[in-house]
Amino acid sequence: MIKNTLKFIFALAVIGSLIFALLPEKIKVDMISVSKGDLLITMDGEGTTRIHDIYTVSAPMDGRITRIEIEPGDLVTAGETTIANMYPANPIFLDKRTETQAKADVEGAKAALSLANSRVKQTKAQLEFDLAEYKRAEVLFKDNNVSKAGLERAELQLKTLRAELETAQSNKQVMVSRLEAAKARLLQPDKDELANNDEGCQICIHSPVDGRVLRILHKSEGIVPIGTSLVEIGDPADLEVNIEMLSTNAVKVQVGNPALIKRWGGDQDINARVKVIEPSGYTKISALGVEEQRVNVILSFTDPREKWSALGDAFRVEAAIIIDQANDVIKVPLSALFRHNEIWSVFKVVEGTVELQAVNVGRRNDQYAEILSGLNVNDQIITHPGNSIDEGVKVEPR
């Protein structure tokens, strides 16, 4: 009797093992509970920071500039901080041919001046003679020995000679100026002056605004032409963000939209706001070699400066511009959604068994989608369904 009982128990164990072996194994999956939350609809883009007003200090004239001692980051004060010292360019040394020509010009100018002096003397002498003639004519006219016409001719001659004297004197001044100019072309650079020009500040170039030095564009001493860029100055507190967006995305953005500055190097996102959407786009080649039309969207910070003070000019940032927002809605990860017979669906898990559940999808961002109907809070869904997942399959959390 005992032996038969043992055989029966053994047979049941074998049958149970066979049944258990034939049962399908539960598939491990990633599951989450459906919950409510806020959903931000954003337009993302990359860009750089920039100081709104950057002032470039340039050389005001041709000349020699001393070495610029200030460094990037130094504070400068408008009208007080000296950016650089500058000296006028030294005259060019004359070669033998040019010097000979300049000396000839001097001699010619001297001769012309001598001729002008003679002309002045001649005119003065003639004027003195005609003045005496006019006085005699006046006496004779009073005695009725000279006609009125004769007196008027003498007066006209006197006025004409005075005009000629003025012309001769003016011509003399012109000749004096030409002589000085000819002599100036003979001047050679003073070696002592060249050696001692570093003392003092002959032409001081000051900072035009309060701020900090951003870049040194010409550091070393040397001869520079007029307009040479020397230093860039700006106020780091006047910082903004320039985001390059696809034109198809930029049309969805409006001035005043809030934005988040992300992946800028800090621990927290920075709050900002759309300040300007530039009205003109431009063509840019993407990393894949595709031509894209992009638009600059300018953001201004709304957080206190202490939060973003580590940022400087031309720092790389990423931004998410919020164009819509849904509060306290049911949302699921995009990875849980798929199309089944052209209908958005998810795999819902009910007591360890997979069920196909159609859903109505609302607004979406790059991570989550709003569920308008088909799911309730605390429903269990599979987030990354694979090819092995189908209705009726037994699953368990990974």
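The values are calculated or read from the model by the stated rules, or taken from the named source; none is laboratory data. On a predicted model such as this, the values are computed, not experimentally measured, just so you know. Note that each Cβ is placed from the backbone with ideal geometry, even for glycine, and that neighbours are counted across all protein chains shown.
Name every residue in region 139-149 that is exposed (fewer than 13 other Cβ atoms within 10 Å of the Cβ) and either at pLDDT 80 or above or not basic (K, R) (or both), in order of residue number.
Answer for region 139-149, where residues must be exposed (fewer than 13 other Cβ atoms within 10 Å of the Cβ) and either at pLDDT 80 or above or not basic (K, R) (or both): V139, D143, N144, N145, S147, A149.
What are the residues in region 142-184 that are among the polar types (S, T, N, Q) and assigned to a helix (DSSP H, G or I), if any?
Q157, T160, T167, Q169, S170, N171, Q173, S177 - these are the residues of region 142-184 that are among the polar types (S, T, N, Q) and assigned to a helix (DSSP H, G or I).
Of the residues that make up region 197-215, is at least one assigned to a loop (DSSP other than H, G, I, E, B), under 24 Å from I323 (Cβ atoms) and free of Cβ contacts under 8 Å to residues at least 24 places away in the same chain?
Checked against the condition, which is being assigned to a loop (DSSP other than H, G, I, E, B), under 24 Å from I323 (Cβ atoms) and free of Cβ contacts under 8 Å to residues at least 24 places away in the same chain, region 197-215 yields no hits at all.
Could you list all residues from region 374-398 that are at pLDDT 90 or above and more than 49 Å from the chain's Cα centre (by Cα)?
Matches in region 374-398: G374, L375, N376, V377, N378, D379, Q380, I381.
Would a scan of region 346-366 turn up a residue that is over 48 Å from the mean Cα position of the chain (by Cα), in a loop (DSSP other than H, G, I, E, B), farther than 30 Å from Q268 by Cα and modelled with pLDDT under 90?
yes
Residues that are touching a residue at least 60 places away in the same chain (Cβ under 8 Å), assigned to a strand (DSSP E or B) and surrounded by fewer than 18 Cβ atoms within 10 Å (Cβ to Cβ): does region 261-268 have at least one? It would help to see each step written out before you state the result.
If we filter region 261-268 for residues that are touching a residue at least 60 places away in the same chain (Cβ under 8 Å), which is where we start, we get none.
No.
Assuming E221 fulfils every condition listed in (1) in contact (Cβ under 8 Å) with a residue 40 or more places away in the chain; (2) under 24 Å from I54 (Cβ atoms); (3) more than 19 Å from the chain's Cα centre (by Cα) apart from one, which condition is it?
The single condition E221 does not satisfy is (2).
Do you know which of the residues in region 191-215 that are among the β-branched types (V, I, T) and crowded, with 18+ Cβ neighbours inside 10 Å is modelled with the highest pLDDT?
The extreme case among them is V213.
Among the residues in region 36-58, are any within 16 Å of G227 (Cβ to Cβ) and either more than 20 Å from the chain's Cα centre (by Cα) or part of a loop (DSSP other than H, G, I, E, B) (or both)?
Among the residues of region 36-58, not one is within 16 Å of G227 (Cβ to Cβ) and either more than 20 Å from the chain's Cα centre (by Cα) or part of a loop (DSSP other than H, G, I, E, B) (or both), which makes the answer no.
Is it fair to say K103 is of a type in the set (K, R), exposed (fewer than 13 other Cβ atoms within 10 Å of the Cβ) and either assigned to a strand (DSSP E or B) or at negative phi (or both)?
no
From Y55, Y87, which residue is surrounded by 12 or more Cβ atoms within 10 Å (Cβ to Cβ) and over 30 Å from E180 (Cα atoms)?
The unique qualifying residue is Y55.
Which one of these is part of a loop (DSSP other than H, G, I, E, B), in contact with a His (Cβ under 6 Å, 6 or more places away or on another chain) and not β-branched (V, I, T): G79, G73?
Values: G73 fails: in contact with a His (Cβ under 6 Å, 6 or more places away or on another chain).
Result: G79 is the single residue among G79, G73 that is part of a loop (DSSP other than H, G, I, E, B), in contact with a His (Cβ under 6 Å, 6 or more places away or on another chain) and not β-branched (V, I, T).
Being under 15 Å from I32 (Cβ atoms), surrounded by fewer than 16 Cβ atoms within 10 Å (Cβ to Cβ) and hydrophobic (A, V, I, L, M, F, W, C) narrows it down to one residue among V346, V354, V377, V395; which is it? If you could, list the steps in order and put the result at the bottom.
Working: V346 fails: surrounded by fewer than 16 Cβ atoms within 10 Å (Cβ to Cβ); V354 fails: surrounded by fewer than 16 Cβ atoms within 10 Å (Cβ to Cβ); V395 fails: surrounded by fewer than 16 Cβ atoms within 10 Å (Cβ to Cβ).
After applying the criteria, what remains is V377.
Taking region 307-343 as the region of interest, how many residues are more than 23 Å from the chain's Cα centre (by Cα), outside any strand (DSSP E or B) and farther than 25 Å from G37 by Cβ? Spell out the reasoning first.
In the first step, residues of region 307-343 are kept if they are more than 23 Å from the chain's Cα centre (by Cα); the result is 322-343.
Applying the additional criterion that residues be outside any strand (DSSP E or B) yields 334-337, 341-342.
Still in the running and farther than 25 Å from G37 by Cβ: 341-342.
Final tally of qualifying residues: 2.
Just give me the residues in region 62-77 being over 24 Å from the mean Cα position of the chain (by Cα) and loosely packed, with under 14 Cβ neighbours inside 10 Å, in sequence order.
Scanning region 62-77 gives R67, E69.
Among the residues of region 282-295, is there at least one that is assigned to a strand (DSSP E or B), of a type in the set (F, W, Y) and either more than 20 Å from I323 (Cα to Cα) or at pLDDT 95 or above (or both)?
Checked against the condition, which is being assigned to a strand (DSSP E or B), of a type in the set (F, W, Y) and either more than 20 Å from I323 (Cα to Cα) or at pLDDT 95 or above (or both), region 282-295 yields at least one hit.
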